[in-house]
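Take a look at the structure set out below.
The values are calculated or read from the model by the stated rules, or taken from the named source; none is laboratory data. Bear in mind that the values here come from a model prediction, so they are computed numbers and not experimental data. Here the Cβ positions follow ideal geometry from the backbone for every residue, glycine too, while neighbour counts run over all protein chains shown.
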Amino acid sequence: MYSTKKLVLAGFTSFVVLTACMHGQSGIAPVDIQRNGQSGWQFLKINGDARQAALGGAYTAISHGDANAVFGNPAALTDVKFLDIQVNALQWVAGISHQSAAVAYNIGDVGVVGASIARLNYGDIEETINASSGSSGTTPMITGSTFTASDIAVGLSFARKITNALSVGGDIRYVRQQIAELSMNNWALDIGTLYYTGFRSLRIAITARNFGPDSRFGGWSEQYQTESNYVRMPLDFRAGMAMDFFDGEGSPHLLTVAVEAEHPNDGREKFQFGASYAFNGTFFIRGGYKLNYDVQRFTFGAGITYPMGGVLGTINYAYVDFGELTQAHQFSLGFTF
């Protein structure tokens, strides 16, 4: 009992400390430093799972039950009982499309292993060059040709239950970005924990995503007589809490509420709030709100599960409001064996 209390206290303290750091400390006022635009590999921030997106992105303590946990908190993979497959499609802003897929397999006492792939396609982009215009300098000119850009991430995951209450997991990914003839490769590491406190269904989770070295798009350029700048990974720390309500035995209703704090290395601190209502474990309605984002605010979605022999199928949808950038629509299809 004493050790359990220590774990609960440690988890709660970590959450409070991270949240407090986001608001600053009392005493000497901190310098207001803008971190916007200080990292690349932005596609790694996109979570293609419609269920997690519908909850406002508050997935750290709630991304459990299927293979898509690899895109949120890899520690939650331990909820996969045997085999789970998930496929996601996302129509992003500005005609950008995102596809991802994940599979997870429980290998008993060893743990749960997973594999994933995510791809972002920017579509055709019109080529523009600087054309000479005499003494007035240069002006941009459309050549009539097009080029494209794309990003890809391929990952392997592992999660294991340390105790009945504590799970840990990690994910390592090969990532690649390509713009026309230029490209760069790198690797990224994610780490996550998930702890059930023992107070009803309250759980606390902490993740650190996108650890990795700096990288360059190219080496020495004879044309510009310089090397390209280093591109940093979009390191992201999150702490979240979630709890179920109306979860008594035999109840057809289940309400799950989640709150999450986020500390990225390339922007201001953010907060996510999400809630999910389930009826008979079959029909789901979800909603969320994002605080301190530039344009994103409200999210909502729905889902349904349906048995197919020995397989449980799932369909999830999410709507994400992007304000002036209109909206994004996400779909996820899953099969649990």
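Structure notes:
- Only listed residue being part of a strand (DSSP E or B) and of a type outside the set (Asp, Glu), chosen from Gly281, Gly313: Gly313
- Restricting attention to region 192-211, the residues that are over 15 Å from Pro234 (Cα atoms), small (Gly, Ala, Ser) and not in a loop (DSSP other than H, G, I, E, B) add up to 2.
- If the condition is being at pLDDT 95 or above and more than 16 Å from Asn280 (Cβ to Cβ), then region 300-314 contributes Phe300, Gly301.
Residue-by-condition table, conditions (1) without any contact (Cβ under 8 Å) to a residue 12 or more places away in the chain; (2) closer than 13 Å to Gln52 by Cα; (3) basic (Lys, Arg):
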site	(1), (2), (3)
Gly250	yes, no, no
Asn265	no, no, no
Lys270	no, no, yes
Phe284	no, yes, no
Tyr293	no, no, no
Gln296	no, no, no
Thr314	no, no, no
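- Top-ranked residue of region 41-83 - restricted to ones that are polar (S, T, N, Q) and either assigned to a loop (DSSP other than H, G, I, E, B) or free of Cβ contacts under 8 Å to residues at least 12 places away in the same chain (or both), ranked as nearest to Ser183 (Cα to Cα): Asn47
- Residue satisfying all of: in region 161-209; within 21 Å of the chain's Cα centre (by Cα) and acidic (Asp, Glu); surrounded by the most Cβ atoms within 10 Å (Cβ to Cβ) among these: Asp171
- Which numbered condition Asp266 misses (of (1) closer than 22 Å to Gly40 by Cα; (2) acidic (Asp, Glu); (3) surrounded by 21 or more Cβ atoms within 10 Å (Cβ to Cβ)): (3)
- Residue match in region 274-296 (condition: hydroxyl-bearing (Ser, Thr, Tyr) and in contact with an Asp or Glu (Cβ under 8 Å, 6 or more places away or on another chain)): no
- Test for Tyr319: is it in contact with a His (Cβ under 7 Å, 6 or more places away or on another chain), part of a strand (DSSP E or B) and either in contact (Cβ under 8 Å) with a residue 12 or more places away in the chain or more than 25 Å from Ala188 (Cβ to Cβ) (or both): yes
- Flag for Leu55 being under 21 Å from Asn292 (Cβ atoms), at pLDDT 95 or above and not basic (Lys, Arg): yes
- Filter result for Thr148 (surrounded by 15 or more Cβ atoms within 10 Å (Cβ to Cβ) and β-branched (Val, Ile, Thr)): no
- So Arg238, is it over 16 Å from the mean Cα position of the chain (by Cα) and touching a residue at least 24 places away in the same chain (Cβ under 8 Å): no
- Residue within region 236-251 that is touching a Gly at 6+ places or on another chain (Cβ under 9 Å) and at pLDDT below 95 present: no
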